[in-house]
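The values are calculated or read from the model by the stated rules, or taken from the named source; none is laboratory data. As the structure is a computational prediction, the values presented were derived from the model and not from experiment. Here the Cβ positions follow ideal geometry from the backbone for every residue, glycine too, while neighbour counts run over all protein chains shown. In case anyone asks, the SASA skips ligands and DNA or RNA and just uses the protein heavy atoms, side chains included. Shrake-Rupley method; radii C 1.70, N 1.55, O 1.52, S 1.80 Å.
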Amino acid sequence: MWAQRRLRYLREHRPILYANLKTSGKLRSHLADVEEQANALFLRLVKDCAASEGITEQLKAEKPMEWVQRMNALWAAVTETVNAEVIFV
């Protein structure tokens, strides 16, 4: 998912970098690195933010709809952070 976003970003907004990576044969490794970095950051931020906001397994068991709502909001915020810090740079 993250690598696809990065690829689209490179094609649309950084065509020279995209061309350089493609012609040098480094595009796939670059995208793999971005995927790994973004995934690690996403998972770490979700875990940290959920803990700091009190989104727990107990909440999930007691109030599942509230848990889903709060997790969806959290995932959206974390996705924006990962996009800004890893994908769109």
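Data for the structure
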read-out: Helix runs (DSSP H) in the chain reaching 30 Å along axis by Cα, Kyte-Doolittle at least -0.5; value: 27-52
read-out: Heavy-atom accessible area per residue - the range 38-89, 1.4 Å, Å²; value: 65
read-out: Additional length obtainable on full extension of the chain from N20 to T81, 0.36 nm per residue less Cα span; value: 19.3 nm
read-out: Carbon plus sulfur fraction of accessible area for the chain, probe 1.4 Å, in percent; value: 56
read-out: Pairwise FRET efficiency - N72 versus A51, Cβ, R0 = 22 Å, nearest 0.05; value: 0.80
read-out: Loop-located trypsin sites (Lys or Arg not before Pro) in the chain, at most 15 other Cβ atoms within 10 Å (DSSP); value: K26
read-out: Matching label, Cα extents along the principal axes in Å computed from the structure shown, candidates (1) 41, 29, 23; (2) 54, 19, 17; (3) 30, 26, 18; value: (2)
